[in-house]
Amino acid sequence: MLPATYIKPVLHLACAVPALMLAYGLYKGDLGFNPVETLTHQTGLWSLRLLLISLAMTPLRRMTARVEFIQQRRMFGLWAFFYACVHFTIYLLLDLSLDFSALWADIVKRPYITVGFIAFVLLLPLAFTSTLNARRRLGRKWNTLHKLVYAIGVTALLHFWWIQKADIREPLIYCLIFGALMLFRLPLRGRKR
Amino acid sequence: MLIRVSPSHPLTDNDVTDEKLFHQRRSFIRQGIYGGASLAMASYLPALASASIDRFADRISGAPTTMKVDEQVNKWEEITGYNNYYELGTSKDDPARLADALQPDPWSVTVSGECAKPGTLALDDLLDPMKLEQRIYRMRCVEAWSMVVPWVGFPLADLLKRFEPNGNAKYVAFETLYDKSNPLPGQRRRVLDWPYREGLRIDEAMHPLTMMAVGVYGKPLPNQNGAPLRLVVPWKYGFKGIKSIVSIRFTEKQPQTSWNMSAPGEYGFYSNVNPKVDHPRWSQAKERRIGEFLRRDTLMFNGYEDQVASLYSGMDLKKNY
């Protein structure tokens, strides 16, 4: 078993690997024939994956009774936020060429953009209140605020589902994982009552 | 934009190579090249010759260029490595990866419906009388990316006229290969209602820009691009360009088309490239040319407005998307 002090740096590195690989692929011209599409898809996918990993920490703690899982939750959430930021920036910069009126038109007119944007905006308060300081300051409100993560999960999955043309296998898998992670929470909450 | 339409070159019977000689030309060349080589060497030849339909390779590589656009032509690797061909998988690199699953030889096309001379033609018989030409066209995918592709083929009208469509032929319906007992990898799941179906109004089908392609970049079509023959309608979204065609049918009623059946609110029968009519889920105003980072403006009818706008005069293009 890895000494506890190493766990965090190793996990940080693991979360950074997709970004590093994409950056290296971009530099080498190795991201396929539509590199912008690859960057958009991969950063979106990793944001969603890390969000689901962060949501897996609570069930894992309950199953194993090990508090270490909860200690990593914030890190995964922040990395999910990092990939969401890159994802949104690529869209704004390379798809819209920084045309903010086009951004607004997309948000208003395109449901998959609407929900994707909602997911991104909802991530902001969670990222900004992720420090221990903010947590202390907010007290019980912090827990309520961070329940937003469930809404982020749902809107992010809708965003993914609604962009598919006909093949829904991939988003379906992510929805099933999200559903399972939610189900893990239900019976235990019932037991507490 | 530069479009050159070649004058028609009427051929006489004297210009036609004798059929027997024509069919022997490959073995003729082979004998010339390998005449002195060992028998062991020669035994490899049949395998090489049957690997693809390269018996048309000479005609395809020799096709004169009759139309082009003043834009950078996409690379061979892009055109043959980034494809939408759901019969060979739904991701862009699936078709090239799974291309071997398609067997374009032997091939035949069944022509039926409202015409005087229906029938089933072997590919050789279908191609023999056709005069091949290279045309460099823009290709705009409904997913808002685009390429510039040097197709080799012939005007669809030249083929259709051979079957003498009658007055009831208001539309032409096309179908892609679908062998239920031996489906292509992507046809094992019902992502779309197989076989893939497409259709054109007869005047669209007869329009001089509409072509049937059998090659790209001077080579026979690779399987992932729709071997051995596919439709190219440059002013419509790419999915109208049905691949690996086995059936052509003249119909009186508007035929069903696959993407329209799959999502009628999103993909219409016409599917003309139109920057002012958005897909319900995304804008069609701009496109990403493969090889470029920023998006460029999408042109009305994909830049072929002068040639095709008259086909739709008086039509509401928002309704007839």
Going by what's in this entry, would B:Glu71 be described as over 18 Å from A:Asp167 (Cα atoms) and without any contact (Cβ under 8 Å) to a residue 40 or more places away in the chain? no
Determine which single condition B:Arg135 fails, assuming it passes every other condition in (1) within 23 Å of B:Ile248 (Cβ to Cβ); (2) at pLDDT below 95. (2)
Tell me, which strands (runs of 3 or more DSSP E) wholly within segment B:197-286 include 3 or more residues that are under 11 Å from the mean Cα position of the chain (by Cα)? B:211-216, B:230-232
Applying the selection to segment B:168-191, what residues are closer than 10 Å to B:Phe250 by Cα and open to solvent by 60 Å² or more (accessible area, probe 1.4 Å)? B:Asn168, B:Lys170
Being more than 17 Å from the chain's Cα centre (by Cα), of a type in the set (A, V, I, L, M, F, W, C) and open to solvent by 20 Å² or more (accessible area, probe 1.4 Å) is the filter here, so list the residues in segment A:32-61 that pass it. A:Phe33, A:Leu60
So A:Ile107 passes all but one of these: (1) more than 11 Å from every other protein chain (Cβ to nearest Cβ); (2) over 19 Å from the mean Cα position of the chain (by Cα); (3) among the aliphatic types (A, V, I, L, M); (4) crowded, with 18+ Cβ neighbours inside 10 Å. Which condition number does it fail? (4)
Exactly one of B:Phe250, B:Phe239, B:Phe293 is within 13 Å of chain A (Cβ to nearest Cβ), of a type in the set (A, V, I, L, M, F, W, C) and touching a Cys at 6+ places or on another chain (Cβ under 8 Å), and that one is B:Phe239
Within segment A:27-34, identify whether any single residue is under 22 Å from A:Trp161 (Cα atoms), more than 14 Å from chain B (Cβ to nearest Cβ) and of a type outside the set (Val, Ile, Thr), and answer yes or no. no
Mind listing whichever residues of segment B:292-321 are part of a loop (DSSP other than H, G, I, E, B) and either of a type in the set (Phe, Trp, Tyr) or buried (at least 17 other Cβ atoms within 10 Å of the Cβ) (or both)? B:Phe293, B:Arg295, B:Thr298, B:Leu299, B:Tyr304, B:Tyr321
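Assess whether A:Ser130 counts as being away from chain B (no Cβ under 14 Å) and outside any helix (DSSP H, G or I).
For A:Ser130, the condition - away from chain B (no Cβ under 14 Å) and outside any helix (DSSP H, G or I) - is met.
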Check off (1) within 14 Å of chain A (Cβ to nearest Cβ); (2) touching a strand residue (DSSP E or B) at 6+ places or on another chain (Cβ under 8 Å) for B:Lys75 and give me the number that stays unchecked. (2)
Kindly evaluate B:Glu175 against the criterion of being in contact with a Pro (Cβ under 7 Å, 6 or more places away or on another chain), more than 14 Å from chain A (Cβ to nearest Cβ) and charged (D, E, K, R). yes
From (1) buried (at least 16 other Cβ atoms within 10 Å of the Cβ); (2) charged (D, E, K, R); (3) farther than 19 Å from B:Arg140 by Cα; (4) free of Cβ contacts under 8 Å to residues at least 60 places away in the same chain, pick out the condition that doesn't hold for B:Lys240. (3)
When the residues of segment B:296-321 are narrowed to those that are over 23 Å from B:Trp145 (Cβ atoms) and among the small types (Gly, Ala, Ser), which ends up farthest from the other protein chains (Cβ to nearest Cβ)? B:Ser310
Quick check: anything in segment B:154-171 closer than 18 Å to B:Pro104 by Cβ and part of a strand (DSSP E or B)? yes
Report those helices (runs of 4 or more DSSP H) wholly inside segment A:1-117 carrying at least 2 residues which are over 27 Å from A:Ala180 (Cα atoms) and free of Cβ contacts under 8 Å to residues at least 24 places away in the same chain. A:4-28, A:35-64, A:100-109
Quick check on segment A:77-97: of everything there that is of a type in the set (Gly, Ala, Ser) and away from chain B (no Cβ under 14 Å), which residue is surrounded by the most Cβ atoms within 10 Å (Cβ to Cβ)? A:Ala80
I'd like to check something: does segment A:153-168 contain any residue that is farther than 30 Å from B:Leu192 by Cβ and open to solvent by 30 Å² or more (accessible area, probe 1.4 Å)? no
Of (1) crowded, with 21+ Cβ neighbours inside 10 Å; (2) within 14 Å of chain A (Cβ to nearest Cβ); (3) of a type in the set (Gly, Ala, Ser), B:Ala227 satisfies all except one. Which? (2)
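Between B:Glu87, B:Glu133, B:Glu164, which is open to solvent by 30 Å² or more (accessible area, probe 1.4 Å) and either more than 24 Å from B:Arg201 (Cα to Cα) or touching a residue at least 12 places away in the same chain (Cβ under 8 Å) (or both)? Walk me through it before giving the result.
On the way: B:Glu87 fails: open to solvent by 30 Å² or more (accessible area, probe 1.4 Å); B:Glu133 fails: open to solvent by 30 Å² or more (accessible area, probe 1.4 Å).
Just one listed residue meets the conditions, B:Glu164.
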Of the residues that make up segment A:62-75, is at least one within 14 Å of chain B (Cβ to nearest Cβ) and either at pLDDT 95 or above or surrounded by fewer than 17 Cβ atoms within 10 Å (Cβ to Cβ) (or both)? no
Within segment B:243-283, take every residue that is β-branched (Val, Ile, Thr) and open to solvent by less than 30 Å² (accessible area, probe 1.4 Å) and give me the one that is nearest to B:Trp107 (Cα to Cα). B:Ile245
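The values are calculated or read from the model by the stated rules, or taken from the named source; none is laboratory data. Model, not experiment: these values are computed from the prediction. Cβ atoms come from the backbone with ideal geometry, glycine included; neighbour counts cover every protein chain shown. These accessible areas exclude ligands, DNA and RNA; they are computed on the full protein's heavy atoms, side chains included. Shrake-Rupley method; radii C 1.70, N 1.55, O 1.52, S 1.80 Å.
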